[in-house]
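Take a look at the structure below.
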Amino acid sequence: MPLLQAGDYPALTKLAGQESGVAAILMQFLYEPGALLYWRALEGLGLVAGSHPEQVGKLINRLLYLLNEDSGSNGWGAAAALGEIGRNQIALVKEIIPMFVGFLAEPFSQEPMLWGVGRMAEVQAELLHEVLPEIVPFLTSAEPQLRGLAAWGLGKARYQPASGPIQALTGDEHPLQLYDRGRLLETTVGQVAREALAILT
């Protein structure tokens with residue numbers, strides 16, 4: 001989709017107002033985690049949810065199905081999408097927030113769910129009071145990606161109880177890939193932890 005390649009979100013949301021299938025098309029880009037178009041599709045889906053909630057509302061059950069082991073999929077970007085949708089249109093996911101804890105318990109959905117919670121927490125932290133304590137143990141995960149995403153998300157949430165464990169990560173120089181502020185960043189766990197700590201203190 002040229003609009004995704006260009007990162008032209010205003011045009012994308014305008015198109016969604018004219019074509020009812022835009023959100024469903026964006027879903028097709030959620031099967032290649034890590035690619036730039038994957039991240040832009042997530043952001044675009046959230047923005048379409050904000051401006052045309054009825055279009056994205058139809059896809060919530062599909063996203064939940066992808067996260068159900070009966071679907072036979074790996075969930076792909078479904079957990080991340082739920083967080084991004086919640087960031088922009090909380091009414092669409094408010095009732096299913098308790099399910100986020102379960103998605104954090106499944107190895108295949110941990111990474112996208114941590115990112116999704118971080119995105120949502122930046123603007124809706126008060127609604128994630130059940131979920132945020134479940135993220136703290138990830139700060140000591142053996143996986144740098146999970147440690148970094150946990151620190152990033154808890155910083156976005158301004159979750160003070162995590163200050164100590166995040167402080168312990170400030171010297172962790174393991175590499176981390178993170179999509180934030182519209183850019184795909186190559187950073188480190190320690191750098192993300194230091195930025196999170198700056199928010200918390």
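Where a number appears in this text, it was derived from the coordinates with a stated rule and is not lab data. If you're wondering where the values come from, they're calculated on a predicted model, not measured in any experiment. Virtual Cβ from ideal backbone geometry, glycine too; neighbours counted across all protein chains shown.
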Dipole magnitude (debye, nearest 20) for the chain, charges at Cβ of Lys, Arg, Asp, Glu: 440 debye
Order of Phe138, Phe108, Phe100 - criterion: other Cβ atoms within 10 Å of each residue's Cβ, fewest first: Phe108, Phe138, Phe100
Listed values [x] 18.3; [y] 19.1; [z] 16.8, entry calculated as Kirkwood radius over Cα pairs in Å: [z]
Taking Asp8, Asp172 and counting other C-beta atoms within 10 Å, the order from fewest to most: Asp8, Asp172
Global form of the range 139-201, assessed from the alpha-carbon gyration tensor, a/c cut-off 1.5: oblate
Geometric extent, Cα atoms of the range 44-121 - Rg, Dmax (angstrom): 11.3, 32
All lysines inside 20 Å of Lys156 as judged from Cα atoms, apart from same-chain residues fewer than 8 positions distant: Lys94
Computed helical MRE - 222 nm, the chain, DSSP H runs ≥ 4 contributing -39500 (n - 2.57), nearest 500: -17000 deg cm²/dmol
Helix runs (DSSP H) in the chain reaching 20 Å along axis by Cα, Kyte-Doolittle at least -0.5: 36-51, 107-124
Contact order normalised by residue count of the range 76-150, Cα under 8 Å, 6+ apart, percent: 35 percent
Exposure proxy order (Cβ contacts within 10 Å, fewest to most) of His129, His52: His129, His52
Relative contact order (percent, whole number), the range 1-130, Cα cutoff 8 Å, 6+ residue spacing: 20 percent
